[in-house]
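Report on one structure; see the data block that follows.
Every read-out reported here was derived from the displayed coordinates using simple, explicitly stated rules and does not represent laboratory data. None of the values given here were measured: they were computed from a predicted structure. Note that each Cβ is placed from the backbone with ideal geometry, even for glycine, and that neighbours are counted across all protein chains shown.
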Amino acid sequence: MNHIKPNTMKTIVKIILAGMAVLVTPGFISAQTINWGSLGKEDKHVLNLNAGWDYGVAFGTGYGYHFDIRSLNMPLVLDIGYSFPSGRDILEDFKVKIGGKISLYEIRNIHFIASVYGVFRRYENDFVRMVNFGSDLSAIIGYYRPHWFVAGEFGFDKAVVSNFRHSSAYKEIYPGVKDGWYVPPMGGNYHFGLQAGYSFRQHDFYLSFGRVTSQDWKTTPMVPYYAQVGYNFRIRTSGHKPSNATQVP
Amino acid sequence: MNKTGKMKGRSLYIVSAFIAATLFTGCAKDKYIDEAGNLVPKTAEQDPSLPSILVNGALLHAEAFGPPDSAMVVVLHGGPGGDYRYLLKSKALADQGYRVVFYDQRGSGLSQRFPHSSYYMEVITDELQGVIDHYRTSPSQKVFLFGHSWGAMLASAFVNEHPAEIDGLVLGEPGGLVWQDVKDYVGRSWSSGTIMSESVNDATYLDQMITGKGSEHEILDYKYSLFTSEESSLLGNEGRFPFWRVGYVCNRAMFKLGDENTPDWTTNLHLYTTKVLFLYSENNQAYGREWAQRVSSGYPNVELFEVKEAGHDFPAFEKGWNHSYPVILNYLNSLK
């Protein structure tokens, strides 16, 4: 098993800076897809399970915290998500996303939503172990009702900086391969598609799907699509009055 | 601002300056994935120390062993886009008095890269003619072709064009000599991976970390090299075979050409009456004697030979080579 070499100041600083950088730069499949029409002010915690195609058959889980910013009247959910692809060695590859989404504007149940995530990815096969810091920014416009929603999304998933460490098998193929940190241009993919879901009581079931294309708009990933089915369980905090949104069907 | 506030502001400024300075000096030594030699080996035009020849405007990584004037065996690698590293055991033929010629086809291995639009089958067969002409020292020097996989398809395409120019032919598991057979074989040989398998995951999950445009050969070749880390178990190889670089653009271009033109490299093979040695491996589950008979049926005079204890890439491995070498040598000696 390969690990990140944490023994140099330079490496640590780079990791921190890359982490900071991705939090303020533009993002893919949202860690959680939310029905803003059913999300009441008393729904403080959102637990998520999901599965689908995200550069491979992938399974994920997440947790989100709903901030009630009354002065701005902009619902904000900060969340963390973890996902991993299927395969023989499921701990070799994974993705962690930290960030949030905010409903910037709402008119007649139409919400304009922005989401920003920092992404940490790990990939390993017999030739290389890669870790990557990236970002995932999306814009979503949708029609949200308490019991259902439909939305369109567009976003950009960028691999910003990566560390490569090659195995002895690859070094037999190419002894001169250079391990270490690699900076942009690394890679990036646009994604665009649809979201839809059904909600009742504290439960949301949703589906999102769409197409993926590389940042040059000419090439595509091997499978140029994404799809996710998911489930959210909203935990209500006592002391908050139920919102109209959750009471009115 | 009070004193504490000023100190906090100054501390933040110092920390920010330190981080910025560290980042700047660190980035100066950072590496780029599209830089030659970082992740895949340099090619002949990037590294002049590599042995190379200039053929039809392409700088080809090439080597020859054995007496220059003796019967020539031109070794043709698989792929398209592979290289001759895995075929180097064939150098043993030089010890038996043959002139053994290896070259990486254009866009493959350590040979010069070319854009997608520059690939045509005629360019590849003309290149083979150019390599023969480069090494041939007299018109009477005999020329044999030893092609493996895609290389065996190329050898057949060349013989189909020039039936009188080749004095002997050793073919190792060409997928097919008509395009539909090629597609059927390729599809069959890679059918072991399910959508949830490690091999599929290894190939697709990478797409979110590295992307490359059609002109970014270093990136594309590296990604394609990583795909080969998980090989189809159906091929029955003894292990992972050695290579230098996989030419992604060449590979994609040749398959696209095949799909568009659906070539048939058997139309003139009936004119090639010299006996052909056709090798297939015991352990390649996607091949077998029946498929070998089908693929070789265009040749009027064929000797089929099953390479025991070996898979598709039998010339790369001890058992495969040890079982096939005596047969190849006997065949060549019979025509020398």
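Summary table
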read-out: Cut-off 12 Å between beta-carbons: net charge of the residues surrounding B:V249, Lys and Arg +1, Asp and Glu -1; value: +4
read-out: Selection of trypsin sites (Lys or Arg not before Pro), the range A:204-239, meeting DSSP coil and at most 14 other Cβ within 10 Å; value: A:K218
read-out: Entries in B:K89/B:K256; B:K31/B:K213; B:K183/B:K308 that, when Cα-Cα distance is taken, lie over 29 Å; value: B:K89/B:K256
read-out: Per DSSP, loop trypsin sites (Lys or Arg not before Pro) in the range A:84-170 with at most 10 further Cβ within 10 Å; value: A:R108
read-out: Span-like helix ranges in chain B, DSSP H, alpha carbon extent 24 angstrom or more, Kyte mean at least 0.5; value: B:3-27
read-out: Coordinate range along principal axes, alpha carbons of the range B:3-335, Å, largest first; value: 98, 46, 38
read-out: Spin-label pair A:F59/A:S167, simplified geometry with 7 Å Cα→Cβ offset, distance in nm; value: 2.3 nm
read-out: Per-residue [θ]222 nm for chain B (sum of -39500 (n - 2.57) over DSSP H runs n ≥ 4, rounded to 500); value: -12000 deg cm²/dmol
read-out: The range B:111-260: C-alpha gyration tensor shape, a/c 1.5 cut-off, then a/b vs b/c; value: prolate
read-out: Charge context of A:H191, other residues only, Cβ under 13 angstrom, K/R +1, D/E -1; value: -3
read-out: Environment charge of B:S156, counting only residues whose C-beta is closer than 14 Å and scoring Lys/Arg +1, Asp/Glu -1; value: -4
read-out: Antiparallel DSSP beta bridges within chain B, percent to nearest 5; value: 25 percent
